[in-house]
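Take a look at the structure below.
The values are calculated or read from the model by the stated rules, or taken from the named source; none is laboratory data. Remember, it's a predicted structure, so these values are computed and weren't measured experimentally. Positions of Cβ are backbone-derived with ideal geometry, glycine not excepted, and every protein chain shown enters the neighbour counts. Accessible surface areas use protein heavy atoms only, side chains included; no ligands, DNA or RNA. Shrake-Rupley method; radii C 1.70, N 1.55, O 1.52, S 1.80 Å.
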Amino acid sequence: MPFVERVLGSTSVFVFIIVLVCADHYHPDLEFENDKAVKATTNLAELTAQYWIDEAQAGIKARQTRLRTDDGNVARNVVMFLGDGMSVPTLSAARTLLGQRSGRPGEGTQLAFESFPSVGLTKTYCVDGQIADSACTATAYLCGVKANRGTIGLTASVPRRNCTASLDPSTNIESIAAWALSDGRDAGIVTTTRITHASPAGTYAKVANRNWENDAGVRNNNQDPNICRDIAYQLVHSYPGNQFKVILGGGRREFIPNTNIDEEGTVGRRTDGRNLIEEWRMDKITRNVSYQYVWNRNQLRSAADNMPDYLLGLFEGSHMQYHLQANEETEPTLPELTEIAIRSLSRNKKGFFLFVEGGRIDHAHHSNRVELALDETIEFSAAVARATELLSEEDSLIIVTADHAHVMAFNGYTHRGGDILGPSDNRDQDGTPYMTLSYSNGPGFRSHVNGSRPDVTVETNFGVPTWRAHVEIPLSSETHGGDDVAVFARGPQHQMFSGLYEQSQLPHLMAYAACIGPGLHVCSAASRIILTPSLTLFIVLFFFTYT
């Protein structure tokens, strides 16, 4: 009898427990999200892919006219760095902490990507939501089409959890990773979350609910996982995921049966009996290509010494550990993962697309653990710095952005160089200290005593990385924010990423620079005829001379 069955008495009991815990506690399904399409927009054209494609192409044309310049360079390689939940206040606070860790005041410090030559802002709302989640945003910044919250790789005509609607081919949209593969380039993904989480899934999945990471999740919504395949299954068996040369992150539990325990004691969550790690191996054997599956840091380093054609690394049962809490023996760092992915993909002379996510910035914010959130941002910056060392600015486009904001506030009034993780120099009306960084909502709420806030600076665990900052509205998980998020660009056509625009323009702009996918490309003759003043004068003189 399998170990799990011996412990819990029966497989059926265990399946029931799995169904209860399958939902992501950081991003709970909201009660107002139902199986009916939310027609939040008065423009029904927004439910189609073509609306957002046309909007993005019009944006590219407008930039060509406005910028009046074209460096002519084409991006052979494209690396998109995504800081999940990396709001603008998060950037400001993280750069300050980075400086203060080196003994400086901190405010004047720069994160690695803040020196990139072009900076822009994107609007993060979704078709059915003023404030976004990581699923609809992934569809926007990877597939170029805005969607409904909780859905991935589908148009907004598909309501969340509607399996039937997602089967219509007209609702399925491809990602920039698929565009790169179609051009003969390679693709890969790196994340500190589960590899089946919403952000990385945007590169390969088409699914009506982000929580369908395994077959049990699909069944939990009374749907048939043999009809609507779960995210882990799609990564292993469906295009484009089954063509990714590098897959590095967490989430082993989504790939193994609930009767199995992984290398570190995590119980699997699949109820279909499938071991998708083994099926990934068998697929590579069938295709007669070299491959390696690794689950710890030493194995990853060994694989890097003799790089296989295909590399799968799953380093945790669920999400990877926070950087400040990680076991250095088993857990690779995000800069290490990024370097190995780039070295692997760089073997393709035509180039590659790589998606790298610092995913746990978001989770720390949801828990009101501000030091962990800022440290994850600093680690994310180190990964970007490593990429800039490995890739030439002449032929490699690097984009750094976020999917959505959070509700962390940067409060006044602290003197220059004041501890970014400490209390403000100011106090509230009752004379009680408040923190320079706090949240408008989340689990860090403290009950007021006699109408006054408690002094959080006297708490016994004050100042440790897992301490929760204070908040005003009690919630089990802090919410996302609706702010615009920053975009930083370096490499060919970087100037195209300036300004304020829809988040769904991002993959079209990357495709423009790399000459992949649909739409306008910098390498097409038509797109490169830009009427500069000198060219306009030449055309006028030519016209009057020869007519």
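If you take all other residues with their beta carbon under 11 Å from the beta carbon of T271, and give Lys and Arg +1 and Asp and Glu -1, the sum is +1. Carbon and sulfur together cover what percent of the accessible area of the chain at a 1.4 Å probe radius? That fraction is 53 percent. When peptides 455-466, 233-244, 179-190 are ranked by their average number of other Cβ atoms within 10 Å per residue, the highest-first order is 179-190, 233-244, 455-466. Measuring r between the beta carbons of Q50 and Q110 and using R0 = 45 Å, the FRET efficiency lands at 0.65.
Full extension of the chain between S440 and E264 yields a length gain of 59.7 nm, computed as 0.36 nm times the residue separation minus the alpha carbon distance. Ellipticity at 222 nm from helices only: DSSP H runs of n ≥ 4 in the chain, each -39500 (n - 2.57), divided by the residue count, give -9000 deg cm²/dmol. Extending 7 Å from the Cα toward the beta-carbon at both S318 and S102 defines two label points whose distance is 3.5 nm. Mean sequence separation of contacting Cα pairs (under 8 Å, at least six apart), scaled by the length of the chain, corresponds to a relative contact order of 24 percent. Determine the shape class of segment 409-452: with a ≥ b ≥ c the square roots of the Cα gyration tensor eigenvalues, call it rounded for a/c under 1.5, and otherwise prolate if a/b is greater than b/c, oblate otherwise. Oblate is the answer for segment 409-452, as a/c is 1.5 or above yet b/c matches or exceeds a/b.
With r as the distance between the Cβ atoms of I131 and M307 and R0 = 60 Å, compute the FRET efficiency 1/(1 + (r/R0)^6) and round to 0.05. Once the sixth-power term is evaluated, E becomes 0.90. One chain, two ends: A58 and N222. Fully extended at 0.36 nm per residue, the span grows by 54.9 nm beyond their Cα-Cα distance. If we count every other residue with Cβ under 12 angstrom of A232's Cβ, Lys/Arg +1 and Asp/Glu -1, where does the sum land? The answer is +1. Heavy-atom accessible surface of segment 293-451, averaged per residue, reaches 37 Å², computed with a 1.4 Å probe. Values of log10 I(q)/I(0) for the chain across q = 0.10 Å⁻¹ run -0.82, by the Debye formula with one identical scatterer at each alpha carbon and no solvent.
For M86, the amide hydrogen comes within under 5 Å of the amide hydrogens of D403, H404, counting only partners 5 or more places away or on other chains and with H modelled in the peptide plane. You can think of it this way: the chain between E394 and S524 has 44.9 nm of extra reach, that is 0.36 nm per residue less the Cα-Cα gap. Taking amide hydrogens as placed 1.01 Å from N in the peptide plane, the amide H of E357 sits under 5 Å from those of L82, V190, T191, T192, each at least 5 positions away in sequence or on another chain.
Given a Förster radius of 60 Å and the C-beta distance between I473 and K350 as r, what FRET efficiency does 1/(1 + (r/R0)^6) yield to the nearest 0.05? For I473 and K350, the calculated efficiency is 0.75.
In terms of packing, defined here as the mean over residues of other Cβ atoms within 10 angstrom, the peptides 262-271, 72-81, 387-396 line up highest first as 72-81, 262-271, 387-396. Quick check on segment 310-387: take the gyration tensor over C-alpha atoms, sort the square-rooted eigenvalues as a ≥ b ≥ c, and tell me if it's rounded (a/c under 1.5), prolate or oblate. Prolate. What the phi angles of segment 428-437 give under the Karplus curve with 6.51, -1.76 and 1.60, with θ = phi - 60°, is a coupling list of 7, 5, 8, x, 8, x, 10, 7, 4, 10 Hz, glycine and proline written as x.
Here the label points at V289 and V88, each 7 Å from Cα along the C-beta direction, are separated by 4.2 nm in the simple model. Taking a ≥ b ≥ c as the square roots of the Cα gyration tensor eigenvalues, with a/c under 1.5 meaning rounded and otherwise prolate when a/b beats b/c, else oblate, which class fits segment 78-147? It comes out prolate by the Cα gyration axes. Accessible surface computed residue by residue for segment 228-271, with neighbouring protein chains in place and a 1.4 Å probe, gives 26 Å² per residue. Coupling constants for segment 177-183 follow from the phi torsions by the Karplus curve (6.51 cos²θ - 1.76 cosθ + 1.60, θ = phi - 60°), and in residue order they are 5, 5, 4, 5, 4, 5, 8 Hz; glycine and proline get x.
Close Lys pairs in the chain, defined as Cα atoms under 20 Å apart and 8 or more places apart or on different chains, number 12. Taken along the Cα-to-beta-carbon direction at a fixed 7 Å, the label points for T460 and D272 span 4.8 nm. Annotation: amide H-H contacts under 5 Å for S118 (H modelled 1.01 Å from N, sequence separation of 5 or more, or interchain): A489.
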